[in-house]
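Q: I have a structure here, written as C-alpha cells, and I will follow up with some questions on it.
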Number of protein chains: 2
Amino acid sequence: MSETALRKETADGSAVAEPKTLVEAAYHRLRRDIIEGHLKPGEKLRVEHLKDQYDVGAGTLREALQLLMTDALVVAQGQRGFNVAPISLSDFEDITRTRVLIECEALRQSIQRGTDEWEGAVMAAFHRLSRAEERLDWEVESSREDWEGRNKTFHEVLISACPSRWIRHFQLLLYRQSERYRRLSMNNNPIPRDVHAEHLKLCEASVARDADRACAVLTEHIIRTLDAIRSLPPSVIEPPAKVASVGRGKARNGDAQ
Amino acid sequence: MSETALRKETADGSAVAEPKTLVEAAYHRLRRDIIEGHLKPGEKLRVEHLKDQYDVGAGTLREALQLLMTDALVVAQGQRGFNVAPISLSDFEDITRTRVLIECEALRQSIQRGTDEWEGAVMAAFHRLSRAEERLDWEVESSREDWEGRNKTFHEVLISACPSRWIRHFQLLLYRQSERYRRLSMNNNPIPRDVHAEHLKLCEASVARDADRACAVLTEHIIRTLDAIRSLPPSVIEPPAKVASVGRGKARNGDAQ
DNA sequence: TCAATACGTTTTCTCGAGATTTTTTCTTTG
DNA sequence: CAAAGAAAAAATCTCGAGAAAACGTATTGA
C-alpha cells in the first residue's frame with residue numbers, strides 16, 4: 001500500500017483552504033464524491049467501509065462527515081449513523097428559489113459596491129468563459145470540465161464585490177447543493193441551452209450597473225436549471241426511497257466504489 | 001462538578017433533537033456557553049482543558065467543536081486548533097442586514113401560505129408575549145428569561161408557515177448569531193425600548209396579511225437591536241484582541257488585524 | 001400464513017496513547 | 001538594547017481497541 005505519498009493526494013486545487021490535515025483532505029474528497037454522484041443520495045455512509053476506501057482512521061473519517069453536515073450534504077440522526085443527504089424535486093425547488101433570493105442580493109450589493117477593478121474582472125471572466133463556450137463539446141470530458149470551471153469562476157467574480165460575508169456564505173452553500181442537481185441534469189439530459197446569450201446579457205447589465213435588469217437575467221438563468229430538472233423522468237430524481245443498506249433480497253448492491 | 005446527570009443536563013428545550021449522544025450533549029452545552037458569553041469571543045478553545053471541564057473524551061469534544069462550525073460559532077484554521085468566533089460591529093451589521101433579508105422573506109412566505117390555524121397560533125403567541133411584557137421586570141432574572149423565551153416563540157410562530165427549509169435554516173443560523181450580540185446589549189445597556197408596540201404592529205399586519213407593512217415593521221424591529229449595539233461603548237464589542245494565555249507584562253500585540 | 005419475540009451480527013460511539021506541528025522561552029550575537 | 005536562532009514545552013492531530021446500541025435473521029406460536 002501507499003506509505004508516504006498519501007498526505008498530499010488531493011488534486012482538486014480547492015478554492016481557499018488547502019487541506020493541511022487529513023480530516024480536511026477526507027472532507028474535500030467526500031464532498032467531491034457526493035457532488036459528483038459517486039456517493040448516491042440517501043446512501044448510508046458506513047464508517048467501517050469508508051475508512052479503508054479513503055485510507056484514514058475511523059475517527060478521522062467521522063470528523064470529516066460531521067464537517068460535511070455544515071454543507072448539508074450529509075445528514076445524521078441520533079445514533080443511526082450518517083447518510084448522504086437525499087434529493088427530491090421539492091427540495092431543488094426550494095434551493096432554487098432561495099438561491100435566486102441570495103444570489104440576486106449578492107449581485108445587487110456587488111453592482112453597488114464594485115470598483116472599476118471589479119468591472120475589469122467581470123469582463124475578463126466573461127471573455128474566458130466565452131472562449132470556452134466557443135469550443136465547448138459536450139462529448140468531451142475535459143472540455144466540459146473546463147467550461148464548468150470557468151462558469152463557476154464567472155459567477156464567483158460577479159458577486160465577488162459583495163461585502164457581506166453571510167450572503168457569500170449562503171451563496172456558496174446553495175451553489176454546492178445545486179451542483180449536485182445540475183450534474184444530474186447534465187448526465188441525463190445533455191441538451192445544452194443557449195447559455196452564452198444569458199451570460200452575455202448578465203455581463204452587460206452588471207457592468208452597466210443596471211441591478212434590476214441583471215437580477216432579472218440572473219433569476220431566469222438560475223430557474224432554467226430547475227426547468228431542466230423538471231423535464232427529467234421522475235425516476236432520475238426520485239429513486240425508490242431505499243432507506244438503508246443492501247436492499248433485501250437480491251437487489252444488486254451496485255455501490256460501485 | 002457533575003458526575004452522572006450529564007446526559008440530560010441541557011435545560012434549553014431545544015428545537016427538535018434531544019441530545020442522545022455525548023457529542024450532541026457537549027455540542028449543546030458548548031453552544032450555550034458561547035452564546036451566553038462564558039466562552040468569550042476569540043477565545044482559544046483548548047481541547048485538553050475543555051475535555052476535563054465537560055467530562056468527555058478528547059475526540060468527543062473535538063467532534064462537538066467541529067459540529068459548532070456549522071453554526072459559525074467556532075472557527076478553526078488548519079492545524080492551529082479552534083477558537084470562539086470573534087465578534088465585531090461590522091460583523092453584526094452584516095448579520096443584521098442579512099437577517100432582515102431572510103426574515104422578511106420568511107415572513108412573506110409565511111403570510112402567503114399561512115392557514116387560519118397559523119393566524120390563531122400567531123395571536124396566541126402574541127397574547128402570551130403580551131402577558132409577559134406586562135409584568136416584565138428587567139431586574140429579575142426569571143422574568144427576563146421568561147420574556148425571552150416567549151419572544152423567541154412569537155417570532156418562530158410568525159415564520160412557522162414558511163415552507164422553505166433553507167430560509168428557515170438560514171434564519172436559525174442568523175438568529176443564533178444575533179443572540180450573542182443581543183445578550184451583550186442587554187448586559188451592558190439594559191434600557192428596554194417599547195417593544196410591545198412593535199410586536200403589536202407586527203402581529204396586526206401579519207394577521208391582516210399585509211406583507212409589505214409587516215416586513216417594514218419587522219425590519220425596523222431587527223435594526224433596533226443594531227442601534228442598541230451601536231450605542232454601546234466600543235470597548236464592549238471590540239475587546240483587546242487577546243489571544244489566549246496568561247498574558248502578563250509587555251502587552252505587545254503585533255497582530256496585523 | 002402471519003405476527004411477535006429473542007438472538008447473533010454488524011455498526012456506531014467513546015476513550016486513551018503516540019507522532020507532528022506550533023508556540024513559547026532562553027541563549028547568543030551584532 | 002534589539003534581533004535571530006535553537007531547544008523545550010504545549011497543543012494538536014491521528015490511530016486502534018473496547019463498550020453500547022441498532023439492524024437483520026431465525027424461531028416459535030396462533
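The values are calculated or read from the model by the stated rules, or taken from the named source; none is laboratory data. All of these numbers come straight from a predicted model, not from anything done at the bench. Please note: Cβ atoms are built from the backbone with ideal geometry, for glycine as well, and neighbour counts cover all protein chains shown. For the accessible areas, the whole protein counts, side chains as well, though only heavy atoms, and no ligand, DNA or RNA atoms are used. Shrake-Rupley method; radii C 1.70, N 1.55, O 1.52, S 1.80 Å.
Q: Report, by residue number, each residue of the range B:122-141 that is at pLDDT 90 or above and not aliphatic (A, V, I, L, M).
A: Keep residues of the range B:122-141 that are at pLDDT 90 or above, which gives B:122-132.
Hits for the range B:122-141 are B:F126, B:H127, B:R128, B:S130, B:R131.
Q: Then there is this: Please count how many residues of the range A:34-59 are on the phi > 0 side of the Ramachandran plot and within 9 Å of DNA strand D (Cβ to nearest atom). Before the answer, list the steps.
A: Step one: of the range A:34-59, the residues on the phi > 0 side of the Ramachandran plot are A:37, A:42, A:55.
Narrowing further to those that are within 9 Å of DNA strand D (Cβ to nearest atom): A:55.
Number satisfying all stated conditions: 1.
Q: I would also like to ask the following. Considering only residues of the range A:179-222 that are touching a residue at least 40 places away in the same chain (Cβ under 8 Å) and among the β-branched types (V, I, T), which is surrounded by the most Cβ atoms within 10 Å (Cβ to Cβ)?
A: Result: A:I222.
Q: Inspect all residues belonging to the range A:104-114 and state whether any of them is buried (at least 22 other Cβ atoms within 10 Å of the Cβ), of a type in the set (D, E, K, R) and closer than 18 Å to A:H221 by Cβ.
A: yes
Q: Report yes if some residue within the range B:42-49 is assigned to a loop (DSSP other than H, G, I, E, B), acidic (D, E) and over 14 Å from the mean Cα position of the chain (by Cα); otherwise report no. Step through it out loud before you land on a result.
A: Of the residues in the range B:42-49, the ones assigned to a loop (DSSP other than H, G, I, E, B) are B:42-43, B:46.
Filter again for acidic (D, E), leaving B:43.
Add one more test, that the residue is over 14 Å from the mean Cα position of the chain (by Cα), and what stays is B:43.
Yes, that holds for at least one residue.
Q: Using the structure shown, decide if B:E93 is more than 16 Å from DNA strand D (Cβ to nearest atom), surrounded by fewer than 23 Cβ atoms within 10 Å (Cβ to Cβ) and not small (G, A, S).
A: On the way: more than 16 Å from DNA strand D (Cβ to nearest atom): yes; surrounded by fewer than 23 Cβ atoms within 10 Å (Cβ to Cβ): yes; not small (G, A, S): yes.
Yes.
Q: Also, I was wondering about something else. What is the number of the single condition among (1) open to solvent by 20 Å² or more (accessible area, probe 1.4 Å); (2) closer than 26 Å to B:A25 by Cα that A:D55 does not meet?
A: With (1) open to solvent by 20 Å² or more (accessible area, probe 1.4 Å); (2) closer than 26 Å to B:A25 by Cα applied to A:D55, the lone miss is (2).
For every residue, the table says whether it meets (1) without any contact (Cβ under 8 Å) to a residue 12 or more places away in the chain; (2) among the hydroxyl-bearing types (S, T, Y); (3) more than 30 Å from B:Q109 (Cα to Cα).
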residue	(1), (2), (3)
A:R46	no, no, yes
A:V75	yes, no, no
A:G81	no, no, yes
A:A106	no, no, no
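Q: Sort out which residues of the range B:78-90 are within 16 Å of DNA strand D (Cβ to nearest atom), modelled with pLDDT of 90 or more and farther than 14 Å from B:P41 by Cα, and write them in order of number.
A: Step one: of the range B:78-90, the residues within 16 Å of DNA strand D (Cβ to nearest atom) are B:78-85.
Retained after the next criterion (residues that are modelled with pLDDT of 90 or more): B:80-85.
If the condition is that a residue be within 16 Å of DNA strand D (Cβ to nearest atom), modelled with pLDDT of 90 or more and farther than 14 Å from B:P41 by Cα, then B:R80, B:G81 are the ones that fit.
Q: In addition: Looking at A:E93 and the list (1) away from DNA strand C (no atom under 16 Å from the Cβ); (2) of a type outside the set (S, T, N, Q); (3) not assigned by TED's automatic domain parsing to the domain that holds A:N188, which single condition is not satisfied?
A: The one condition A:E93 does not meet is (3).
Q: Condition test on B:S164, is it hydroxyl-bearing (S, T, Y) and surrounded by 17 or more Cβ atoms within 10 Å (Cβ to Cβ)? Step through it out loud before you land on a result.
A: Numbers: hydroxyl-bearing (S, T, Y): yes; surrounded by 17 or more Cβ atoms within 10 Å (Cβ to Cβ): yes.
So B:S164 fits the description; yes.
Q: Could you list, in sequence order, all residues of the range A:67-90 that are surrounded by 21 or more Cβ atoms within 10 Å (Cβ to Cβ) and within 8 Å of chain B (Cβ to nearest Cβ)?
A: Residue satisfying the conditions is A:L67 alone.
Q: Tally time: how many residues in the range B:95-131 are within 20 Å of the chain's Cα centre (by Cα) and more than 27 Å from A:L101 (Cα to Cα)?
A: Step one: filter the range B:95-131 for residues within 20 Å of the chain's Cα centre (by Cα), giving B:95-107, B:125, B:129.
Next, from what is left, pick out any that are more than 27 Å from A:L101 (Cα to Cα): B:125, B:129.
Adding up the residues that qualify gives 2.
Q: Hey, another quick one. I'd like to verify a number: residues in the range B:15-44 that are surrounded by fewer than 17 Cβ atoms within 10 Å (Cβ to Cβ), within 12 Å of chain A (Cβ to nearest Cβ) and either in contact (Cβ under 8 Å) with a residue 40 or more places away in the chain or under 28 Å from B:N187 (Cβ atoms) (or both), how many?
A: The total comes to 0.
Q: While we're looking at this one, here's another question. Looking at (1) away from every other protein chain (no Cβ under 14 Å); (2) within 15 Å of DNA strand D (Cβ to nearest atom), which is the only condition A:A64 fails?
A: With (1) away from every other protein chain (no Cβ under 14 Å); (2) within 15 Å of DNA strand D (Cβ to nearest atom) applied to A:A64, the lone miss is (1).
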